[in-house]
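Q: Below is a structure I'd like to ask you about.
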Amino acid sequence: MISDQDRDRDTLDTIFSKALQGRTLFKNHKALQSDFVPDHLPFRNTQLSSIAEILAPILHGSKPSNLLIYGKTGTGKTAAARHITTKLAQTAQKKRIDSNFIYCNARMSGTEYRTLCELAIGIGLKIPFTGLAVTEVLSRIQHFMKQHSLKTIFVIDEIDYLIRAYGDDLLYDLTSSSDKISPGFLSLIGISNDLQFKEELGARVQSRLSEEELVFPPYSAEELRTILNERATVALNTKAYTTAAINLCSALSGSEHGDARRAVDLLRIAGEIAEREGSDQLDERHVRIALQKIDQDRVSEALKTLPIHAKIVLLASIYSSQNDSTHSSSGFVYDKYSELCKKTGLEALTTRRVSGLLTELDTLGLLTAAVVNYGRYGRTKKITPQISFAVASKVFESDDTIKHLIH
Ligand SMILES: Nc1ncnc2c1ncn2[C@@H]1O[C@H](COP(=O)(O)OP(=O)(O)OP(=O)(O)O)[C@@H](O)[C@H]1O
Ligand SMILES: [Mg+2]
């Protein structure tokens, strides 16, 4: 009789021997991973030149203006900022110009403290990873920069995460510390894919941070095709993919707003699926399977990371629409939401806050909130969930606070 253990070993052996035959489609898998920065960024010459012009003063010892970079997701903001700062750092090093170029992603860092730690590490200052007050860390950094006349450019990517969690005090301090740092200086580059984020900044920080502003427009499907073709040449073996597969990846990623990340992700996942199947060539079928997988993962990820009240609002809208479609006005959803809050012991937010959450859920594509005008009876929002109860419940069941609301 074959034991389970033997069977497992057989399956693993088959997988390994396939891999050992070396029939791989990828020649450089890294080139399709999300943190890869390509040497060449087509269609971003204007933006790259503008950033270079804004930052170039650092090469003759002057403080560059602060810069705010905007643009929807996958429009090349991170890639461009990393590309330019690496190039600048190389030039500065070659010419023996004293300067620091530090990159930090606020979402990854998570806290103000950790963001400042990245800055401290970048300038060569030792700070304990916990335990100090944020203001203390900041003043140690400023003191160190003054003492050593450090000229620094600090890139804070996904800066909106920091503002949303902590407000803009730290940004205020960072952008108004020139006397405390002089003769050194600190220029900030903030990057965000949230076009509304600037409105959340106080007026004083807004004007300081956006001395210069740059917008990254979405790519057209045609542009995505060129980008993807270049990337495929670096990442995949010749003959390991069809032109039709590349075209399909580009068309599928260009249909919403020209998102290069989605195009690159699609190609990578399609390649992995093709390889796992043992195919010799990545074709359109693999791209379609990859698309399904990406969409499912994206929805689950969006649901998982929602704040608790947004989860309850979404659930309320799903339950409301199950009862009767005429009832899915925002008022009805709010009543349902309050009822669910009571069951979890949470205090319900005001209708205004809930209305804001509905707009956010709409932006994420999890529901649509269309304004309906009832003439002199006023206006309301008609709420239509865009995901099924089955999909939501699968994710929410693992959330201890609301799992008992699933029925
Ligand atoms: N012009 C380009 N040429 C080649 N690759 C590009 C180009 N623009 C973007 N990419 C690639 O697309 C992917 C997404 O780009 P990037 O991470 O820079 O987007 P982003 O604008 O920072 O998006 P987000 O706002 O979501 O952070 C990366 O793999 C990047 O290398
Ligand atoms: Mg980015």
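Q: Out of the stretch 314-384, which GluC sites (Glu not before Pro) are coil in DSSP terms and have no more than 13 other C-beta atoms within 10 Å? Please report the intermediate quantities before stating the final value.
A: Details: sites: 339, 347, 360; in loops: 347.
Passing sites in the stretch 314-384 are 347.
Q: Here is a further query. Along the charge dipole of the stretch 145-202, Cβ charges K/R +1 and D/E -1, which of 186, 196, 167 sits furthest on the positive end?
A: My answer, from the dipole projection, is 186.
Q: Would you grab the residues whose amide H sits under 5 Å from the one on residue 241? Only those 5+ places off in sequence or on another chain, please, with H modelled 1.01 Å from N.
A: Distant-sequence amide H within range of residue 241: 282.
Q: Give the residue from 228, 50, 308 lying farthest towards the positive end of the charge dipole for the chain; charges sit on Cβ (+1 for Lys and Arg, -1 for Asp and Glu) and the dipole is referred to the Cα centre.
A: Ranked along the dipole, the leading option is 50.
Q: So, one more: Principal axis lengths of the stretch 78-234 from Cα atoms, whole Å, largest first?
A: 50, 40, 29
Q: Over 28 Å between C-alpha atoms is what I'm after, so list which of 72/382; 198/336; 77/239; 27/293; 126/304 land there. Show your work: numbers first, answer last.
A: On the way: 72/382 26 Å; 198/336 33 Å; 77/239 31 Å; 27/293 23 Å; 126/304 35 Å.
Over 28 Å apart, Cα to Cα: 198/336; 77/239; 126/304.
Q: May I ask you to evaluate 6.51 cos²θ - 1.76 cosθ + 1.60, the Karplus curve with θ = phi - 60°, for each residue of the stretch 138-147 and list the ³J(HN,Hα) values in order in whole Hz, giving x for glycine and proline?
A: Karplus values, whole Hz, x for Gly and Pro: 4, 6, 5, 4, 4, 4, 4, 5, 5, 4.
Q: Right, something else. With a 10 Å Cβ neighbour count serving as the proxy for reagent exposure, in which order, fewest first, do 70, 219 appear?
A: On the way: 70 19, 219 26.
Fewest-to-most ranking of 70, 219: 70, 219.
Q: Let me ask something else. Taking Cα centroids, how far is the stretch 182-248 from the stretch 286-347 in Å?
A: Measuring centre to centre over Cα atoms gives 30 Å.
Q: Determine the calculated [θ] at 222 nm for the chain from helices alone, applying -39500 (n - 2.57) to every DSSP H run no shorter than 4 residues and normalising by the residue count; nearest 500 deg cm²/dmol.
A: Working: 18 runs with 220 residues, N = 407.
Helix-only estimate at 222 nm: -17000 deg cm²/dmol.
Q: Distance from the Cα centre of the stretch 69-108 to that of the stretch 351-384, in angstrom?
A: When both Cα centres are located, 39 Å separates them.
Q: Amide H neighbours of residue 189 under 5 Å, at least 5 residues apart or on other chains, H built in the peptide plane: list them.
A: Those qualifying (amide H under 5 Å, at least 5 residues apart or on another chain) are 67, 154, 155, 156.
Q: Another question about this same structure. Counting pairs of Cα atoms in the stretch 306-405, how many percent are more than 18 Å apart? Don't jump to the answer; show the numbers that get you there.
A: Values: 2077 of 4950 pairs.
Across the stretch 306-405, Cα pairs with separations above 18 Å total 42 percent.
Q: Select from the stretch 50-157 those trypsin sites (Lys or Arg not before Pro) which occupy a DSSP coil region and have at most 15 other Cβ atoms within 10 Å, ordered by residue number.
A: When the trypsin sites (Lys or Arg not before Pro) of the stretch 50-157 are filtered for loop state and at most 15 Cβ neighbours within 10 Å, 95, 96, 126 remain.
Q: Using the eigenvalues of the Cα gyration tensor, what equivalent ellipsoid semi-axes result for the chain when each is taken as the square root of five times the eigenvalue, whole Å, largest first? All intermediate terms of the calculation are to be shown ahead of the outcome.
A: On the way: eigenvalues 298, 239, 98 Å².
Its equivalent ellipsoid spans semi-axes of 39, 35, 22 Å.
Q: Return the percentage of antiparallel bridges among DSSP beta bridges fully within the chain, rounded to the nearest 5 %. List each step's numbers first, then the result.
A: Values: 9 of 31 bridges.
Taking every DSSP beta bridge within the chain, about 30 percent pair in antiparallel fashion.
Bear in mind that the values in this text are calculations on the coordinates, not laboratory data. Quantities reported herein were computed from a predicted structural model and do not represent experimental measurements. Using ideal geometry, Cβ is built from the backbone for each residue, glycine included, and neighbour counts are taken over all protein chains shown.
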